[in-house]
Every structure is written in C-alpha cells, then in structure tokens.
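Only the coordinates and a few stated rules stand behind these numbers; no lab work does. Every value quoted in this text rests on a predicted model; they were computed, and no experiment measured them. When we count neighbours, we look across all protein chains shown, and the Cβ atoms used for this are built from the backbone with ideal geometry, even at glycine.
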Amino acid sequence: MMYMQVPGGYAVFASKGGAPVNPDWYHNVLAHPRVTAEIGTGTVEFLARVAEGEERERIWTAQKSAYPGFADYEQKTTRQIPVIILEPAG
C-alpha cells in the first residue's frame, strides 16, 4: 500500500484501483481504528481517521500530482476515494 507523509503522520488511499467500491481494509479501519503499519523497516501503532474537506482535497491533490495513476483511479469511479490519516497512537 502506498503512503504519503503528512504533518503529524501519514496518509493512505482507499483507491482499490478505481473500483466502484471501497477496499475491504477501509471498512476494517473504520471499525477498528487502532492499526499497525510498516513504515520503512519499523512497525508503528497508529490511530486512523478519515480526512474530510480541505484536508482531504489538499492531500489527494498532492498524491495525484506525485503519482498520476491516482488521477486515473479517480476517473474510473463515481465514488470519492477516501484518504485515511494515520496518526501515531500515544
């Protein structure tokens, strides 16, 4: 899974290659927001939340700019692709 460093944590993208439905992991994260993820060579505990509004748009636009394939995913689907923020669990 691709991630992007953002202030205070990381963002991940529930793109599922532009499929018409969100990936299963997205629903799991909503139900159980305390997650672990490999970042580099380490494993870190995070609390996950869905980015909304301006925060989502800013991160999503940056991701599409850096990786144009994500813009293709967006064109393939009618759903808004969720951006999930992973913040270190304290």
The chain: C-alpha pair distances exceeding 21 Å, %: 27
Cut-off 14 Å between beta-carbons: net charge of the residues surrounding Ala62, Lys and Arg +1, Asp and Glu -1: -1
Karplus 3J(HN,Hα) series, Hz, for region 32-45 with 6.51 cos²θ - 1.76 cosθ + 1.60 (x for Gly, Pro): 9, x, 7, 10, 10, 8, 7, 10, x, 9, x, 10, 10, 8
Unit charges on C-beta of K, R, D, E only; dipole of region 1-80, Debye: 120
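Can you tally the net charge around Leu47? Count Lys and Arg as +1, Asp and Glu as -1, for every other residue whose Cβ sits under 12 Å from the Cβ of Leu47.
So the surrounding residues net to 0.
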Residue (of His32, Ile84, Gly69) at the positive-pole extreme of the chain, dipole from beta-carbon charges: Gly69
Helix-derived mean residue ellipticity, 222 nm - over the chain, DSSP H n ≥ 4, -39500 (n - 2.57), to 500: -10000 deg cm²/dmol
3J(HN,Hα) from dihedral phi, region 48-56, Karplus parametrisation 6.51/-1.76/1.60, rounded to Hz, x for glycine, proline: 9, 8, 8, 6, 10, x, 4, 4, 4
Normalised contact order of the chain, rounded percent, pairs of Cα under 8 Å and 6 or more residues apart: 42
